[in-house]
Amino acid sequence: MTFTESFLNELNHEAVTTRKMLERVPADLFHWQPHPKSMTLKQLATHVAELPTWINMVINTKELDFEANPYQPVPIANEQELLSYFEESLSEGKNALAAAKDEQLTDRWVLRSGDAIYSNELKRDFLRHCFCQVVHHRAQLGVYLRLLDIPIPGSYGPSADEQNFN
C-alpha cells in the first residue's frame, strides 16, 4: 500500500467520527467559549471542518506563510453550512490524495509566519501532522460539547454517553 492510499484510508475512517462530532454542534451556541483564551465553539468547529483542505495545500504547495496569507475562516452561519463545509473540505482532501504520487510526499513543506519557521519537514510527515490536528481539535470539540452537556459520539468505541452502565 502506498502512503497516499494509506492516508486516504485513514481520512475516510476519521471522517466518520469527525462528521458525527460536527453534527452535534448547535448554531445557537456558536458564540460560546469555555475560557477567554479559547476559541469560540464556532471557531473550533469551523477549524475542524476545514482541516481536510490542508491535505491539498500540503501536497500541491511548498509552504504556508501566515504573514503573507493571513487566516480567513470561511463564514459559517448554521449547522447545515458547517456540515456542508466539512463535506467540501473532505472532498478536496480526498481528491488531492487520489491524484498524488508518493514521490511528491518526499518534498519538503514549510509552515511559517514571515521569518519564523514553525515546521520544515517532508510533506508526508506534515500530512501526518494534519491528521493529528484533526484528532486533537476534534477532542477539544468533544470537551466543549461535554461542558455544554451535549452527548458525545464515540470515536474509537462507544462514548460514556453511548454505554449502558447498569
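Some points to look at:
- Residue selected from the range 31-48 under the condition in a loop (DSSP other than H, G, I, E, B) and polar (S, T, N, Q), by the criterion farthest from Gln72 (Cα to Cα): Gln33
- Qualifying residue in the range 154-163 (condition: in contact with a helix residue (DSSP H, G or I) (Cβ under 6 Å, 6 or more places away or on another chain), surrounded by 14 or more Cβ atoms within 10 Å (Cβ to Cβ) and over 21 Å from Ala68 (Cβ atoms)): yes
- Annotation: Ala27 fulfils all but one of (1) within 27 Å of Arg108 (Cβ to Cβ); (2) in contact with an Asp or Glu (Cβ under 6 Å, 6 or more places away or on another chain); the unmet one is (1).
- Scanning the range 9-30 for residues that are among the hydrophobic types (A, V, I, L, M, F, W, C) and either crowded, with 20+ Cβ neighbours inside 10 Å or not in a helix (DSSP H, G or I) (or both) yields Leu11, Met21, Leu22, Val25, Phe30.
- Figure legend. Inter-residue proximity from the range 126-153: first residues free of Cβ contacts under 8 Å to residues at least 40 places away in the same chain, second residues in a helix (DSSP H, G or I) and aliphatic (A, V, I, L, M), beta-carbon distance below 9 Å, spacing 6+ or different chains. Indicated pairs: His129/Val58.
Read the figures in this text as sums done on the coordinates, not as results from a lab. Predicted model, so just to flag it, every value in this text is computed and none were measured. Cβ atoms come from the backbone with ideal geometry, glycine included; neighbour counts cover every protein chain shown.
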